[in-house]
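Since the structure comes first, as structure tokens, the remarks are kept for the end.
The values are calculated or read from the model by the stated rules, or taken from the named source; none is laboratory data. Here the structure is a predicted model, which means the values were calculated and not measured. Positions of Cβ are backbone-derived with ideal geometry, glycine not excepted, and every protein chain shown enters the neighbour counts. To get the accessible areas, we keep the full protein, side chains included, count just its heavy atoms, and leave off ligands, DNA and RNA. Shrake-Rupley method; radii C 1.70, N 1.55, O 1.52, S 1.80 Å.
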Amino acid sequence: MTITVTARPYDFTMDPERTAFVIIDMQRDFVEPGGFGSALGNDVSLLRGAIEPIGAVLAAFREAGLLVIHTREGHRPDLSDLNAAKHRRGRGATRIGDTGPMGRILIRGADGHEIIPELFPIAGEPVIDKPGKGAFYATDLETILRGRGITQLILAGVTTEVCVHTTMREANDRGFECLVLSDGTASYFPEFHRLALEMACAQDGIFGWVAPSSDVIAAISNKTGAST
Ligand code: C5J
């Protein structure tokens, strides 16, 4: 059975059994003060607007028994999976691996690396630890998706133009259909967010589709009456 999500640039035909909700990097390090986002000089409050829409879609997926996957950007405590180029690029006083108010910045096991309480994974939801911006690079995400017969991804999380976009592009080249949540993504730069969404669905869906959380939830709850 497929359902229809009202989306840009045109309706998205979704097969719920073959769809995963992938929540990218909703970690304290990006969303709360004192983490990686702050260390780079950003106003982390700009990301918090995405939490409620993601939570609403998360609840709908859980209610319908559909697959939810969480990702976390971060590195091993010995930094062996942190390439020198990435390490060098953060030129502020506090860099990846340094200690901040939430423990070592962007390091697995530190408090800041954890997913925020509002969206915390429940048992059975895979958590993908990734050292890069894309969720496919150096992870087992693709194996998990293929193993479960997933062909479509609903993407949410932060930041729109960095880890969400990189993951969407990686997914595209692997043949997955992607829909990006317009209100369930956010950036430290609102203009980048807006343009990243435009880029995703420009040229008749060059990378895929864009829709607000309400339209995804309506389709899943079958309130649109548009199932086939
Ligand atoms: C960034 C991410 N922005 N999760 N990471 O460095 O988008």
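Rg and Dmax over the alpha-carbon atoms of the range 47-197 stand at 15.5, 45 Å. For Lys133, Lys86, the ranking by accessible surface with the largest value first comes to Lys133, Lys86, using a 1.4 Å probe. The alpha carbons of the range 112-169 occupy a box of 30, 29, 21 Å along the principal axes, longest dimension given first. Peptides 160-168, 103-111, ordered by how many other C-beta atoms sit within 10 Å of their residues on average, highest first, read 160-168, 103-111. Label sites at Ala123 and Leu66, each approximated as a point 7 angstrom past Cα along Cα to Cβ, lie 2.4 nm apart. Remark: the range 71-228 carries 46 Å² of accessible area per residue (probe radius 1.4 Å; ligands, DNA and RNA excluded). Taking every DSSP helix (H) stretch of at least 4 residues in the chain, weighting each as -39,500 (n - 2.57) and dividing the sum by the residue count yields a mean residue ellipticity at 222 nm of -8000 deg cm²/dmol.
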